[in-house]
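Please treat every number below as a calculation from the coordinates, not as lab data. Just so it is clear, the structure is predicted and the values come from calculations on it, not from any experiment. For neighbour counting, all protein chains shown are included, and Cβ atoms are generated from backbone atoms with ideal geometry for every residue, glycine included.
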Amino acid sequence: MAVPIARVILYVKDIPKVAHFYQRHFGLKPLPSQSQGWMELTGHAGGCNIALHQASSAQKRGAEIKIVFGVADVRKFKREFANAKDPAGNSVQISSRGLK
């Protein structure tokens, strides 16, 4: 039995800056949270959330993680946003695999 991915945790130095990146480019919305140093972003019900966790002062930056976002029209989306890195240095990729 496959277990769905609930969230991907990114350890970042600047939570508001990274949150703004994912909100602006992918329309993710923050979930209500009472925890300092933690913000969880969601796109829709049943999808995988991205959790931003405050990195410790010993970490140079977050772990090397790549997140793949599914888009129906890669060429159109790529004109606006292609493979890149978020403000914390994590790789971000777009793909239409699995959407057709």
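Observations
- R0 of 22 Å, Cβ-Cβ distance residue 80-residue 44: FRET efficiency to nearest 0.05: 0.65
- Residue order, fewest to most beta carbons within 10 Å, for 75, 7: 75, 7
- Cut-off under 5 Å, modelled amide H: who pairs with residue 9 long-range: 51
- Net charge of Cβ neighbours under 12 Å - reference residue 41; Lys, Arg +1; Asp, Glu -1: +1
- Length added when fully stretched, residue 58-residue 36, from 0.36 nm per residue minus Cα-Cα: 6.1 nm
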